[in-house]
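Heads up, the thing below is written out as structure tokens.
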Amino acid sequence: MRNYFIAGNWKMHKTRAEAADLAKALAAELKDGKHKYLVAPSFTALETVGAVVKGTNIMLGAQNMSSEEQGAHTGEVSVLQLKDLGVEAVILGHSERRHTYKEDDALINKKVKLALRHGLEVILCVGELLEEREAGNAEKVCETQTVEGLKDVSAADLARVTIAYEPVWAIGTGKTATPEDADAIHAYIRGVIGKLYGDDAAENIIIQYGGSVKADNAAQLMAKENIDGALVGGAALKAETFVPIAKFN
Ligand code: PGA
């Protein structure tokens, strides 16, 4: 049985005070929630939010990290620094990193391995652009991003990896993939994991959906066989929009 995993990616929003207020509201409202939860504030609010969620059922996540452990990398944040702040998981390969900041599969794979080596959980994001979908290449793009992102990741380490399928055309646009379309890609990705790691790994891996998840579509998405949770952007910025998603059932 896979557990649902609902994560909020706060992107480049919120001062420390705003982040603390949201984290406090979530900690109170989700304390009886039955799923796995994570919030990923900006680096600047990690310590503040970490103090609020410590000892609760909400994990502390980062939105990115450097592919290098430490050194002369101006403006980057290292896995050691994240761990020092109590970070338990990191989102890697988000489409904004891939497309706006030109991160490629090799760089993302380096980050994935570094995070896993240091004991973090990883949410590895994959997803196609609209033109890739229209050209009939959605599956192929997701397969490549999954295979390359997980290159040289052991089966033991895979247990700490969640895949987030986030069609780029659905992120922040209000357009959601239909539950059927999303489920088809999730099933395909599960098959890719099966080919790489075997049937048990395929059965156990959590595959979140991301892209304009809202309270009114969360339950239909999560009802699908292969959709095991959500990576939420816009609707994660307020307790009143995130909590109904986190408590979709
Ligand atoms: P969205 O973002 O929910 O605002 O579409 C999802 C994401 O980027 O993770």
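Residue by residue, what Karplus-based ³J(HN,Hα) values in Hz, rounded to whole numbers, does the range 223-237 have, using 6.51, -1.76 and 1.60 with θ = phi - 60° and x for Gly and Pro?
Calculated HN-Hα couplings, in order: 6, 6, 3, 9, 9, 10, x, 9, 10, 10, x, x, 6, 8, 7 Hz.
How do the peptides 209-219, 96-106 rank, highest first, by the average count of neighbouring beta carbon atoms within 10 Å per residue?
Values: 209-219: 21.1, 96-106: 14.2.
Ranking the peptides 209-219, 96-106 by packing returns 209-219, 96-106.
For the range 120-139 and the range 146-201, what is the separation of their C-alpha centers, rounded to whole Å?
9
Just to check, using Stokes-Einstein with a Kirkwood Rh over alpha carbon pairs, what's the diffusion coefficient of the chain at 10 °C and 1.306 mPa s in µm²/s? Spell out each step's value before the answer.
Numbers: Rh = 17.9 Å.
Approximately 89 µm²/s, per Stokes-Einstein.
Students often forget the sequence filter, so: which lysines lie under 20 Å Cα-Cα from residue 110 once same-chain residues fewer than 8 apart are removed?
Answer for residue 110, where 20 Å is the Cα cut-off: 83, 102, 151, listed by chain and number.
For 79, 141, what's the largest-to-smallest order of accessible area, 1.4 Å probe?
Values: 79 0, 141 25 Å².
Sorted by accessible area, descending: 141, 79.
Quick one: accessible surface of residue 225, probe radius 1.4 Å, all protein chains present, in square angstrom to the nearest 10.
For residue 225, the solvent-accessible surface is approximately 140 Å².
Keeping all protein chains in place and using 1.4 angstrom, which order do 118, 13 fall into by accessible surface area, from largest down? The partial results should precede the final answer.
Numbers: 118 35, 13 90 Å².
From most exposed to least exposed: 13, 118.
So between residue 43 and residue 135, what do we pick up on full extension, going 0.36 nm a residue minus the alpha carbon distance? Intermediate results must be reported in sequence, preceding the final value.
Working: separation 92, 0.36 × 92 = 33.12 nm, distance 3.70 nm.
Stretched out fully, the residue 43 to residue 135 stretch lengthens by 29.4 nm.
Mind checking the per residue accessible area of the range 5-246 for me, 1.4 Å probe, whole number of Å²?
Working: 10630 Å² over 242 residues.
Each residue of the range 5-246 exposes 44 Å² on average to a 1.4 Å probe.
Could you list which residues have their amide H under 5 Å from that of residue 230, counting only those 5 or more apart in sequence or on another chain, with H placed in the peptide plane?
5, 6, 7, 209
Pairs of alpha-carbon atoms within less than 8 angstrom and 6+ residues apart define the contacts here; what relative contact order does the chain have, in percent? Please list the in-between numbers first.
Details: 485 pairs, mean separation 52.0, N = 249.
Once normalised by length, the contact order is 21 percent.
Can you list the residues, at least 5 places off or on another chain, whose amide H is less than 5 Å from the amide H of residue 123, using H built in the peptide plane?
90, 91, 92, 162
Along the charge dipole of the chain, Cβ charges K/R +1 and D/E -1, which of 90, 37, 55 sits furthest on the positive end?
55
Can you send over the carbon and sulfur percentage of the accessible area for the chain, probe radius 1.4 Å, protein chains only?
Within the chain, the accessible surface is 50 percent carbon and sulfur.
Count the lysine pairs in the range 175-249 that are 8 or more places apart or on different chains: how many have C-alpha atoms under 27 angstrom apart?
Lysine pairs satisfying the spacing and distance rule in the range 175-249 number 11.
On a straight-distance basis, which aspartates and glutamates could pair with residue 111 in a cross-link, Cα separation under 16 angstrom, same-chain partners fewer than 8 positions away excluded?
Reachable aspartates and glutamates: 68, 69, 76, 88, 96, 103, 121, 148, 152, 157.
Which log10 I(q)/I(0) values does the range 115-249 give at q = 0.12 Å⁻¹ under the Debye formula, counting every alpha carbon as one identical point scatterer?
Taking Cα atoms of the range 115-249 as identical point scatterers yields -0.45.
What is the gain in length, in nm to one decimal, between residue 196 and residue 225 on full extension, counting 0.36 nm per residue of separation less the C-alpha to C-alpha distance? Kindly include the intermediate steps, with their values, before the conclusion.
Values: separation 29, 0.36 × 29 = 10.44 nm, distance 2.07 nm.
Here the segment from residue 196 to residue 225 would lengthen by 8.4 nm.
The values are calculated or read from the model by the stated rules, or taken from the named source; none is laboratory data. Please read all numbers here as calculations on a predicted model, not as lab measurements. Cβ atoms come from the backbone with ideal geometry, glycine included; neighbour counts cover every protein chain shown. In case anyone asks, the SASA skips ligands and DNA or RNA and just uses the protein heavy atoms, side chains included. Shrake-Rupley method; radii C 1.70, N 1.55, O 1.52, S 1.80 Å.
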